[in-house]
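In what follows, a single structure is set out as structure tokens and then discussed.
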Amino acid sequence: MMSPMYTLTPQASAPAGVNPAGNASVTKSDTMTMTTVKLTGLAANTYYVGHYHVMGTASTEPCKSGGAPIMASMMVGQTDAAGALTLSGNVATADIAAATYLNVHTAKDSTGAPADAGVACTPLK
Ligand SMILES: [Cu+2]
């Protein structure tokens, strides 16, 4: 089992006043991948959504490439009153085989529909 820890950094599309910082632990087996994302500096009592994404074409930098989300990897959660968030999820490792980055967006509501292009991101290796 490999469990790398990734550091998420703010994205240009993060709303003003949001200063996300945190990390993602990714525990990968041959069949399933368990992901836990912890961020602080977000808006209070607000829904956020995380996904793995495939590479896009807007940039050679994964987090700026604008790739499509892998919907099977969607994780939805709500921040606490201090703007701290924990997201966790399990996804089939095969479903994220082509992923090049993991990011978190503000969500419109508990359905996890994204409200922006992303607030924090990490490339994957
Ligand atoms: Cu996403």
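Taking the criterion of being of a type outside the set (A, V, I, L, M), more than 16 Å from the ligand (Cβ to nearest atom) and either in contact with a Ser or Thr (Cβ under 8 Å, 6 or more places away or on another chain) or at pLDDT below 95 (or both), would at least one residue in segment 95-118 satisfy it?
no
Read through the list (1) over 13 Å from the mean Cα position of the chain (by Cα); (2) surrounded by fewer than 18 Cβ atoms within 10 Å (Cβ to Cβ), then give the number of the only condition that Thr86 fails.
Result: Thr86 passes all but (1).
Criterion first (free of Cβ contacts under 8 Å to residues at least 12 places away in the same chain, over 18 Å from Pro123 (Cα atoms) and not basic (Lys, Arg)) does Ala16 satisfy it?
So Ala16 fits the description; yes.
What single numbered condition from (1) within 22 Å of Thr111 (Cβ to Cβ); (2) within 16 Å of the ligand (Cβ to nearest atom); (3) among the aliphatic types (A, V, I, L, M); (4) in contact (Cβ under 8 Å) with a residue 24 or more places away in the chain fails to hold for Leu8?
Only one criterion in (1) within 22 Å of Thr111 (Cβ to Cβ); (2) within 16 Å of the ligand (Cβ to nearest atom); (3) among the aliphatic types (A, V, I, L, M); (4) in contact (Cβ under 8 Å) with a residue 24 or more places away in the chain is unmet by Leu8, namely (1).
Quickly run through segment 35-63 and pick out the residues that are of a type outside the set (A, V, I, L, M, F, W, C) and within 13 Å of the ligand (Cβ to nearest atom).
Thr35, Tyr48, Gly50, His51, Tyr52, His53, Gly56, Pro62
The values are calculated or read from the model by the stated rules, or taken from the named source; none is laboratory data. For clarity, every value in this text was computed on a predicted model and none was experimentally measured. We place every Cβ from the backbone using ideal geometry, glycine too, and count neighbours over all the protein chains shown.
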